[in-house]
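The values are calculated or read from the model by the stated rules, or taken from the named source; none is laboratory data. The shown structure was predicted, so the numbers you read here are calculated from the model rather than taken from an experiment. All Cβ positions, even for glycine, are placed from backbone atoms using ideal geometry, and neighbour counts span all protein chains on display.
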Amino acid sequence: MAKYMLEILALVAILAFCGLFLYTSSTMEGAEFAGSDNVGSGLIAELSGKPLDSFVPLIPQYEPPSGEIEACLFALQAALGGIFVGGVFGYWLGQKKSLTETKVN
Amino acid sequence: MEGFLPLEWCIVWWLIALPCLVYGVWRLKKVMDADREALPLLGVTGGFIFILSSLKLPSVTGSCSHPTGTGLSAICFGPWITSVICAIVLLFQSLFLAHGGLSVLGANIVSMGIVGPCVGYAIYRLLKDTSVNVYVTVFLATALADMFTYIVTSFELALAYPADVGGFGTSFIMFMGIFAVTQVPLAIVEGIVLALVFKYIVALKPDILVRMNVFSESQIIAARGEA
């Protein structure tokens, strides 16, 4: 396989994904891009014959007061993951480097 | 989806999830005691669960869903340790984001933390000692771990809400139409991205993968030469 095969493949896949989104959002009528959870909730209400509002949390639950705060918390989660990943890759890179340096010395 | 699963089903899924989590914590302690260098690897594979499960991406069905990122951890640490990491992510989302909930947490752990990773791990084990390329194995295991998470979600909901006409089967197909179809493009992209991540782990820290017997030494050497 070529040296950067996977990088190219990943790039193509992400671009294709974006293209697919642009195509879907421009051609599909009534596409709201809500969470599939919400669409699923609608189907549950339909199947059980109970109105959507009648489904209340069994255990009281904190709800982010706005979309902004929800986005903030999701970003926080992603950032936390990013710190783990970046930190470890840096640690391994340093470890590898010091290993080759001791070999040279 | 707090409140959308009847109490009896919440209890059923919690009863399945709990022993797996306890076993996962025990396994985690064992792996960490055996090799301290496994901790950074857990940081990377767990980190991707944090990142990918926070990204709600649009899909062909006109709705959004998020990838799971669990496959990589399942390959390196097995499904039980993965379920512990998933439980942490899902607990965060239940407590602060109203995404899932404490009563349905058991069901979510079963789909995202247990069955998804188990399927990914099974595929990895099946392909590990064959001539299939290492990165193809990682792609298939991670993409299918993602897919099966949502197939199980559909299964859990269909069990709780069988259709009046056609019962469980009809419901299952209807929920699959929402959850699984949305997931197909996401799972493919996730598989390719995680295969790329695996390439960087192979490049930076091949010895830990060999030591933990994720892949054999000759497979890792071959994997370093290609892609």
### Message
Between A:Phe55, A:Phe84, A:Phe21, A:Phe74, which is aromatic (Phe, Trp, Tyr) and over 27 Å from B:Ile151 (Cα atoms)?
### Response
A:Phe84
### Query
Listed residues A:Glu29, A:Glu68, A:Glu101, A:Glu46; which is without any contact (Cβ under 8 Å) to a residue 24 or more places away in the chain, more than 17 Å from B:Glu2 (Cα to Cα), more than 7 Å from chain B (Cβ to nearest Cβ) and not in a helix (DSSP H, G or I)?
A:Glu29
### Query
Could you list, in sequence order, the residues of the stretch B:179-227 that are under 27 Å from B:Tyr150 (Cα atoms) and not in a helix (DSSP H, G or I)?
B:Val214
### Query
So which residues in the stretch B:1-58 are within 7 Å of chain A (Cβ to nearest Cβ) and among the basic types (Lys, Arg)?
B:Lys56
### Message
Just to check your reading of the model, which residue among B:Leu209, B:Leu204 is under 21 Å from B:Leu42 (Cβ atoms), buried (at least 22 other Cβ atoms within 10 Å of the Cβ) and over 19 Å from the mean Cα position of the chain (by Cα)?
### Response
B:Leu209
### Task
Would you be able to say whether some residue in the stretch B:52-68 is in a helix (DSSP H, G or I), out of contact with any helix residue (DSSP H, G or I) (no Cβ under 6 Å at 6 or more places or on another chain), closer than 25 Å to B:Val138 by Cα and modelled with pLDDT under 95?
yes
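Residue-wise test of (1) assigned to a helix (DSSP H, G or I); (2) more than 17 Å from the chain's Cα centre (by Cα); (3) without any contact (Cβ under 8 Å) to a residue 12 or more places away in the chain.
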site: B:Thr82; (1), (2), (3): yes, no, no
site: B:Ala98; (1), (2), (3): no, yes, no
site: B:Leu127; (1), (2), (3): yes, yes, no
site: B:Ala145; (1), (2), (3): yes, no, no
### Message
Within the stretch B:148-177, take every residue that is buried (at least 24 other Cβ atoms within 10 Å of the Cβ) and hydrophobic (A, V, I, L, M, F, W, C) and give me the one that is modelled with the highest pLDDT.
### Response
B:Phe148
### Message
Based on this model, can you work out whether B:Gly62 counts as in contact with a Phe, Trp or Tyr (Cβ under 8 Å, 6 or more places away or on another chain) and more than 12 Å from every other protein chain (Cβ to nearest Cβ)?
### Response
no
